[in-house]
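What follows draws every value from the coordinates through simple rules; no lab data is involved. Quick caveat, the model's predicted, so the values are computed rather than measured. Every residue, glycine among them, receives a Cβ derived from its backbone with ideal geometry; neighbour counts consider all protein chains shown.
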Amino acid sequence: MVQTEISQFTRECNDWRETLRSHRDELHQMQTTLQKAVNHPLSKEEQTELEHLQNQLHIQLINIHDLKHAVKLHDRKLSHEVSGKADAQFSDNVSAYHENLYDNYQSLETTLSELRSDLNHFITSIH
């Protein structure tokens, strides 16, 4: 494994983790915004949509946590790779695993964007 590739992977991991922390904070803010926006009785359909959005916020917080943890573990393995302590099997799979994490990261980004849009649409519709 080329040292520069590992360094690049490490930088990407750090960037992803920082972005995931930011998304986590944003979702907590979205939960608060949603609670504040619902200041009057809701129709049955609105109540169902509210519950759906609350569930999605909770699920995405779990997804962020899980992905952040996976990236952190991957970054640790990269550090072991640099120090020469990792086994050969990891060396053969590091690029593929990194790419898989990136795909998961991109998928989560798309999901969060859709959730943002759904939440904004819901808040606009109840006012």
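Annotations for the structure displayed:
- What you get for the chain, charging only the Cβ of Lys and Arg (+1) and of Asp and Glu (-1), is a dipole of about 460 debye around the Cα centre.
- 3J(HN,Hα) along the stretch 26-33: 4, 5, 5, 5, 5, 4, 5, 4 Hz, from the Karplus curve 6.51 cos²θ - 1.76 cosθ + 1.60 with θ = phi - 60°, whole Hz, x for Gly and Pro.
- Solvent-free Debye scattering, log10 I(q)/I(0), computed from the Cα coordinates of the stretch 7-101 at q = 0.18, 0.21 Å⁻¹: -0.83, -0.99
- Sites listed here are trypsin sites (Lys or Arg not before Pro) in the stretch 33-86 whose DSSP assignment is loop and whose Cβ has at most 16 other Cβ atoms within 10 Å: K85.
- Placing a label point 7 Å from the Cα of K72 along the Cα-to-Cβ direction, the residues of the stretch 1-42 with a backbone N closer than 16 Å are 13-25.
- Helical content alone sets the calculated 222 nm signal of the chain at -33000 deg cm²/dmol, taking -39,500 (n - 2.57) per DSSP H segment of four or more residues and averaging over every residue.
- Full extension of the segment from S107 to T32, taken as 0.36 nm per residue of separation minus the current Cα-Cα distance, would add 24.6 nm.
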